[in-house]
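Student: Before we start, here is the structure in question, set down as structure tokens.
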Amino acid sequence: MRLQKANDFVESTLKENKLLKPVILFVKKLLSVHGLLDTYTGGLNSYSLMIMLTAVASQSIGLTTSSEYLKEFLNFYRSQETFTNYIITVKGFIERNWLEE
């Protein structure tokens with residue numbers, strides 16, 4: 001049941017925003033080259049990456065190219081503040097983590 005929901009989420013998100021697929025493939029390749037795609041060794045799995053990209057995309061209105069999405073994604077997640085002050089909700093939105101303050 002959960003796997004089906006995850007698959008449905010990925011499929012519907014990619015249908016809604018066709019610009020995300022090239023970004024996901026690029027970031028997956030980048031992580032793979034550096035040995036960071038396997039969660040067993042501390043990397044990110046594809047589903048987590050998809051959620052992270054969706055969260056940034058939901059906050060970034062008006063981006064028209066995949067390269068703009070990639071730039072926005074890298075800019076957002078480059079900061080330690082992002083990881084300590086923000087959370088991604090179940091619906092893929094970024095919200096301030098008020099519990100940390």
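Every number in this text was worked out from the coordinates using simple rules, so none of it is lab data. Since the structure is predicted, the reported quantities are computational estimates derived from the model, not experimental observations. Please note: Cβ atoms are built from the backbone with ideal geometry, for glycine as well, and neighbour counts cover all protein chains shown.
Student: Per the Kirkwood treatment, what hydrodynamic radius in Å, one decimal, follows for region 27-83 from the mean inverse distance over all distinct Cα pairs?
Tutor: Across region 27-83, the inverse of the average 1/r is 12.1 Å.
Student: Which of the peptides 40-46, 17-23 is most tightly packed, and how do the rest follow, going by the mean number of other Cβ atoms within 10 Å of each residue?
Tutor: Values: 40-46: 11.7, 17-23: 16.3.
Going from most to least packed, we get 17-23, 40-46.
Student: Next question. For labels at Ile61 and Val33 in the simple 7 Å Cα→Cβ model, what's the distance in nm?
Tutor: In this crude spin-label approximation the distance works out to 3.5 nm.
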